[in-house]
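Values quoted throughout were computed directly from the atomic coordinates according to the rules given, and no laboratory measurement underlies them. If you're wondering where the values come from, they're calculated on a predicted model, not measured in any experiment. Here the Cβ positions follow ideal geometry from the backbone for every residue, glycine too, while neighbour counts run over all protein chains shown.
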Amino acid sequence: MVLKEQTAKTEHAVHSTQLYESGVVPRRGETVMVAGEGCWMIDSEGRRYLDMTSSQGVAMLGYDHPALTAALQQQASRLHACPNFFHNDMRGAFLQELIAVTPPHMTRAFLANSGAEAIDGAIKFARLATRRTGIVAARNSFHGRTVGALSVTWNPKYRRKFEPLLPDVDFIHFNSSDGLDGAVSDRTAAVVLEVIQAEGGVHVGDADFLAAAQRVCRERGALLVVDEVQTGFGRTGRWFGFEHYNLEPDIIALAKGLGGGFPMGAVVYSDTVQESLFSGAHGSTFGGNPLACAAGVAALGVYRDGLIEQAERAGCRLREALEAAIGGRKVVREIRGRGLIIGVDLRTKAVPFLKTLMEEHGVLALPAGSTVLRLLPPLIIRDDEIDLAVEAIASTLPA
Ligand SMILES: Cc1ncc(COP(=O)(O)O)c(C=O)c1O
């Protein structure tokens, strides 16, 4: 108990940057998470929680996955840091594997440490490649909280106090092809989009809209930047969300599942984009760290070994079970998503239900926007765990 209180207080005092108290995401009581196993998190008092969030979409392999743990342990005992001006065997191995799973025209990668950093890199590269500054993004988008990423994030609550942000950013309605047509011009460097808007409410992109985004970019000389930070690495039942639409993005931003939950990010792009970069155009001290790369090699190996197909199958089961259990209830407006990113859109605020789910059923879920209960379970989730989560949600929501 003393440990729990001290830890919670210390963390509260020191790590105040997440601003949970603003009400965006109420901190879940004083719980101190200390361990994990499969799809379960374990708190300081030994209570177990079925984690339907993968720690904000990152722990795709669950916790203490043998491949990931072994890779980190081995690399930690060999070399845990290596500057970017030296080659490193693990970094080289990871880059090769990463490029092998992205589309053939994407031959280059810049390694960073987070999703927001990947978006910042993508914006810089698009500006250099096109020699333009304009960006078109979508309402309800979320791309991160660094100044660059915040500039293409829509929610005024996150932005307002930090303005002016980057100039020349236009926000169009997501899924509005007319909006695109009006906004993309010969001054536009990039159109930056999520194919499923995740934090913004689990809004799935229309095929027509995304095809129009690619077409308009090609016609007007802008680059299509797809943010796969939350939808990448099997989350939607394919390696990347854009594969559902046969898109050929010019740049993709990656993070979350990239290292199986170990912090890393990446910008992946073509030789054409590479040609415009100059020495010193971008860099990162920690990007491409050997430990992160070892985690990445291990995670990519597990994804390749059938985990993505498993995610698609588990996603169908979760979606069908939710439809059967709560689909007809008055409080449920819509159940939407793809693979293992699912939003239950409610006719009321989602946050109070998240609290009940955790406290009374030991199930962790996330909000997305104010009314959506978002599920992002680890891709390794088993059928009995899916059933348990659905039962908990069914008994939490009003009949
Ligand atoms: C689609 C998307 N892009 C970017 C980010 C920012 O990632 P990070 O928090 O690692 O900076 C997030 C974070 O949730 C995200 O969902």
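In order along the range 333-339, the Karplus-derived 3J(HN,Hα) couplings, from 6.51 cos²θ - 1.76 cosθ + 1.60 at θ = phi - 60°, round to 7, 6, 10, 9, x, 7, x Hz, and Gly and Pro are given as x. Note that the range 176-188 has calculated 3J(HN,Hα) couplings of 10, 5, 5, x, 4, 4, x, 9, 7, 9, 6, 9, 7 Hz, one per residue in order, obtained from phi through the Karplus relation 6.51 cos²θ - 1.76 cosθ + 1.60 (θ = phi - 60°); glycine and proline are x. One way to sum up the overall shape of the range 192-338 is the equivalent ellipsoid from its Cα gyration tensor, whose semi-axes run 30, 22, 13 Å, largest first.
Mind checking the log10 I(q)/I(0) for the range 66-302 at q = 0.07, 0.09, 0.17, 0.18 Å⁻¹? Debye, one equal scatterer per Cα, no solvent, two decimals. Calculated log10 I(q)/I(0) at the listed q: -0.21, -0.35, -1.23, -1.35. Globularity index of the chain is 0.97 (Cα radius of gyration / 2.2 N^0.38 Å, N = number of residues). Computed from Cα atoms alone, the Kirkwood hydrodynamic radius reported for the range 124-179 is 11.9 Å.
For Lys330, a cut-off of 17 angstrom between C-alpha atoms picks up these aspartates and glutamates, skipping any fewer than 8 places away in its own chain: Asp345. Taking amide H positions as modeled 1.01 Å from N, with prolines and chain starts lacking one, the residues under 5 Å from Gly205 and 5 or more places away or on another chain are Ile196, Gln197. Please figure out what share of the DSSP beta bridges in the chain is antiparallel and state it in percent, rounded to the nearest 5. In the chain, approximately 65 percent of DSSP beta bridges are antiparallel ones. Distance between the modelled labels on Ser77 and Ala324, one decimal in nanometres: 4.7 nm (7 Å Cα→Cβ projection).
Hydrophobic long helices, here whole DSSP H runs in the chain with Kyte-Doolittle means of at least -0.5 and Cα atoms spread over 24 Å or more along the helix axis, are found at 308-326.
With N the number of residues in the range 133-231, Rg(Cα) / (2.2 N^0.38 Å) evaluates to 0.99. Sequence-ordered 3J(HN,Hα) estimates for the range 41-50 from the Karplus curve with 6.51, -1.76 and 1.60 and θ = phi - 60° stand at 9, 10, 9, 5, 9, x, 6, 9, 10, 6 Hz, glycine and proline given as x. Relative to the Cα centre, the charge distribution of the chain, modelled as +1 at Lys and Arg Cβ and -1 at Asp and Glu Cβ, gives a dipole magnitude of about 800 debye. Amide H to amide H, with H built 1.01 Å from N, Ala112 comes under 5 Å of Gly265, Ala266, Val267, Gly288, counting only residues 5 or more places away or on other chains. Based on alpha-carbon centroids, what's the gap between the range 42-83 and the range 276-341 in Å, whole number please? Computed from Cα coordinates, the inter-centre distance equals 16 Å.
A Förster distance of 56 Å, applied to the separation of the beta-carbon atoms of Val351 and Phe278, puts the FRET efficiency at 0.75.
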